[in-house]
1. Based on what the data block shows, is Ala72 surrounded by fewer than 16 Cβ atoms within 10 Å (Cβ to Cβ) and within 16 Å of ligand 1 (Cβ to nearest atom)?
2. When segment 384-393 is examined, which residues are found to be among the hydrophobic types (A, V, I, L, M, F, W, C) and open to solvent by less than 20 Å² (accessible area, probe 1.4 Å)?
3. Can you report the number of residues in segment 70-105 which are at pLDDT 95 or above, under 15 Å from Ile32 (Cβ atoms) and among the hydroxyl-bearing types (Ser, Thr, Tyr)?
4. Yes or no: Glu103 open to solvent by 30 Å² or more (accessible area, probe 1.4 Å) and either farther than 24 Å from Asp157 by Cβ or within 14 Å of ligand 2 (Cβ to nearest atom) (or both)?
5. Only one of these conditions is not met by Gly175: (1) touching a residue at least 12 places away in the same chain (Cβ under 8 Å); (2) assigned to a loop (DSSP other than H, G, I, E, B). Which number is it?
6. Scan (1) away from ligand 1 (no atom under 16 Å from the Cβ); (2) open to solvent by less than 60 Å² (accessible area, probe 1.4 Å) for the single condition Lys176 breaks and write down its number.
7. Pull up segment 75-85, narrow it to residues that are more than 16 Å from ligand 1 (Cβ to nearest atom) and buried (at least 22 other Cβ atoms within 10 Å of the Cβ), then point me to the one that is nearest to Asp143 (Cα to Cα).
8. State all residues of segment 345-378 that are under 26 Å from Arg250 (Cα atoms), touching a strand residue (DSSP E or B) at 6+ places or on another chain (Cβ under 7 Å) and open to solvent by 30 Å² or more (accessible area, probe 1.4 Å); if no residue qualifies, say none.
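The values are calculated or read from the model by the stated rules, or taken from the named source; none is laboratory data. Everything numeric here is computed off the predicted structure, so don't read it as measured data. Methodologically, a virtual Cβ is constructed for each residue, glycine included, from the backbone with ideal geometry; neighbour enumeration extends over all protein chains shown. For the accessible areas, the whole protein counts, side chains as well, though only heavy atoms, and no ligand, DNA or RNA atoms are used. Shrake-Rupley method; radii C 1.70, N 1.55, O 1.52, S 1.80 Å.
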Amino acid sequence: MDTGDDLFTRDDPIFANKELLEISHLPGEGRIVGRDDEISALANAVNPAIFGQSPSNVLIYGKTGTGKSLCAKYVSQRLVETAGEEGVNATFAYVDCAQDTTETQAVQTIADGVNDADETGIKVPDKGLSTSTYYKRLWRILDARYDVVLILLDEIDKLDDDDILMQLSRAGEAGKISGCKLGVIGISNKIQYKDRMDERVKSSLCEREFVFPPYDANQLRDIMEARSDAFRDDVLDPSTIPRAAALAAREHGDARKAIDILRYAGEIAQSKGAPKVKEVFVTQARERAETDRFRELIRGSTPHSRYVLQALALLSLSNRRKDGFRTSRVYEIYESICRQEGSDSLSLRRVRDLLKEHAFLDIIEQSKHSGGSAEGSYTKHQLLEDPEVVKEVLTESP
Ligand SMILES: Nc1ncnc2c1ncn2[C@@H]1O[C@H](COP(=O)(O)OP(=O)(O)OP(=O)(O)O)[C@@H](O)[C@H]1O
Ligand SMILES: [Mg+2]
């Protein structure tokens with residue numbers, strides 16, 4: 001009989017090892033699926049480092065959730081181990097440029113990451129030094145401790161400017177470091193990022209470029225299967241993973257989303273007290289994953305940037321079958337949203353820029369059309385996200 005003190009469940013009936021489905025979890029050897037070609041190409045580019053020579057600078061592109069960060073870290077880790085076996089002192093430093101957006105913060109993170117104050121006697125305080133002092137300390141640390149260092153600049157498009165890329169990619173030839181070789185791996189999910197880059201930086205940073213394609217349903221299934229031991233035996237319905245893979249592949253080919261869907265499906269089963277993770281839970285989980293993903297995409301965007309998207313969502317919801325909406329139409333709806341919100345509307349030109357930004361983030365797609373001599377050419381805009389999701393997230397209270 002229940003003694004009444006079972007307020008909490010002690011044994012999780014669904015998950016055996018939920019960490020495997022956390023996004024921060026780094027899958028180990030054998031659990032990276034479907035990226036053999038990308039991994040060996042990347043390894044090839046940085047291979048000289050294991051002999052203490054300069055690795056190629058690399059830029060990795062690909063949409064969100066295609067395994068860029070994962071593969072870059074994995075290859076760097078393996079490189080450091082292999083170099084060690086060859087008697088070469090190597091390491092890598094990882095910078096999340098979404099967090100360290102300024103040149104100073106990024107250099108500080110690198111210098112701190114590669115330093116060992118006991119060994120070098122060099123201090124790298126969190127803040128308070130000038131950018132050039134941080135650089136000087138970084139160069140000294142590198143020369144004192146390493147033969148080769150790889151620097152991973154993840155979400156590189158979030159950097160305020162290109163200055164750090166210039167410094168890092170030219171450190172060797174500019175004589176800033178003498179004993180240590182440096183390689184930079186830049187990672188971005190913005191295909192157009194390179195167009196924004198300074199020509200000189202482009203030529204030194206983009207020695208090798210790789211594009212990671214979205215995963216297909218089979219690959220997503222394998223990725224999820226490889227983590228199915230996150231669940232207890234026999235808890236997963238056999239159709240659950242294939243269904244989640246099909247949904248995630250159809251929309252974005254995003255492994256992060258696929259894994260989120262699987263985790264949420266398990267949580268839904270848990271909250272309903274269901275003994276199994278059934279296929280129907282996947283549909284509900286997808287909605288939640290989609291909402292999360294979109295919320296993350298527009299985090300930090302300005303009110304007007306949101307009104308523009310809201311306008312496009314409203315248009316899409318009332319005209320389901322249209323292949324996009326002209327700028328003038330989006331602008332009309334945007335103006336009426338501004339009136340409702342009691343806010344002055346921006347100029348048509350600014351709204352055009354905001355739409356371009358959304359296209360850059362892959363939230364919308366733009367297409368050019370020619371209306372013949374009478375009309376001239378015009379642009380149409382279409383949401384790539386589910387308009388219901390967009391509307392829901394944008395009307396949430398902040
Ligand atoms: N081939 C794979 N095998 C196993 N797990 C994978 C694979 N690809 C991605 N994942 C998992 O999916 C999630 C997203 O991958 P990752 O962070 O590498 O994506 P990304 O391309 O860097 O995306 P973003 O551009 O959003 O940063 C991570 O949890 C990662 O462990
Ligand atoms: Mg990443």
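1. Working: surrounded by fewer than 16 Cβ atoms within 10 Å (Cβ to Cβ): no; within 16 Å of ligand 1 (Cβ to nearest atom): yes.
So Ala72 fails the test.
2. Step one: list which residues in segment 384-393 are among the hydrophobic types (A, V, I, L, M, F, W, C), which gives 384, 389-390, 393.
Hits for segment 384-393 are Val389, Val390, Val393.
3. 1
4. Against the criterion (open to solvent by 30 Å² or more (accessible area, probe 1.4 Å) and either farther than 24 Å from Asp157 by Cβ or within 14 Å of ligand 2 (Cβ to nearest atom) (or both)), Glu103 does not qualify.
5. With (1) touching a residue at least 12 places away in the same chain (Cβ under 8 Å); (2) assigned to a loop (DSSP other than H, G, I, E, B) applied to Gly175, the lone miss is (1).
6. The one condition Lys176 does not meet is (2).
7. Within segment 75-85, the first condition is being more than 16 Å from ligand 1 (Cβ to nearest atom), and the residues that meet it are 79-85.
With the extra rule that they be buried (at least 22 other Cβ atoms within 10 Å of the Cβ), the set shrinks to 79, 83.
Working: Leu79: 19, Ala83: 17 Å.
Only one residue tops the list, namely Ala83.
8. Glu365, Gln366, Ser367, Lys368
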